[in-house]
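For reference, the structure is listed below as structure tokens.
What follows draws every value from the coordinates through simple rules; no lab data is involved. Remember, it's a predicted structure, so these values are computed and weren't measured experimentally. FYI the Cβ positions are ideal-geometry reconstructions off the backbone, even for glycines, and counts take in every protein chain you see.
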Amino acid sequence: MARPGVTPPPKLIDIARWLWIASAVVGLGRFLVQLADREMLIGRLRKEQPTLSQDELDAAASGGVMFGLLLGGLMVLVYALLANRMAQGRNWARIVLTVFGAVGVFLGVVRLIAVASGLAAAFQLAIPPEEVVFGVITMVLDSIALVLMYLPSVSGHFTTAKPRLQPG
């Protein structure tokens, strides 16, 4: 439902908004899969802190999971906020999303090259298949959203001067 005095974003910008939000949710899913592997978390903690007792390791793993959940939820909120501001025509939000998206796509391509070339295995880096799948999905979502934000047909959405309230 449109609000009075508010111009709805172009359809392609609205699609880009939802793609950014979907990408953040998929990223959260990847993060949740990693956090769900409690044995891996405890193994890492044991390797880094060999003097901790099992109770201390369990507590540290639980604290890490809670912190991770809060951080993951915060990232989804940040992406949703940026995507909504971008849809409202805020160019600064489009620029921030462009930086986030470009970095994400770049790192995703590097990860794919490392896996496909065997470079990751040569350096004994274990990249599970689900990590690759999540990475490909977020790369595709981010790439499409980036393209949609910069199509010539929607550029006017970001160049239109937005009236601002003047004090006094």
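Normalised by the number of residues in the chain, the average gap of Cα pairs under 8 Å and 6 or more apart makes the relative contact order 38 percent. If I fit a long axis through the Cα atoms of helix 91-117 and take the longest principal axis of the Cα atoms of the chain, what angle between them do I get, 0 to 90°, rounded to 10? The two axes meet at around 40 degrees.
Give the residue list of chymotrypsin sites (Phe, Trp or Tyr not before Pro) in region 106-136 that are DSSP loop and have at most 15 other beta-carbon atoms within 10 angstrom. Provide the component values of the computation, followed by the final result.
Values: sites: Phe106, Phe123, Phe134; in loops: Phe123.
Those satisfying the criteria are Phe123.
Can you give the log10 of the normalised intensity I(q)/I(0) at q = 0.08 Å⁻¹, computed with Debye over equal Cα scatterers of region 11-155? For the requested q values the scattering log ratios are -0.29. Each of Ile127, Ser153, Ala102 was placed along the dipole of the chain (beta-carbon charges, centred on the mean Cα), and the one lying farthest toward the positive end is Ser153. For the chain, the longest principal axis of the C-alpha atoms and the axis of helix 54-87 are separated by about 10°. Relative to the longest principal axis of the Cα atoms of the chain, helix 11-36 runs at roughly 10 degrees.
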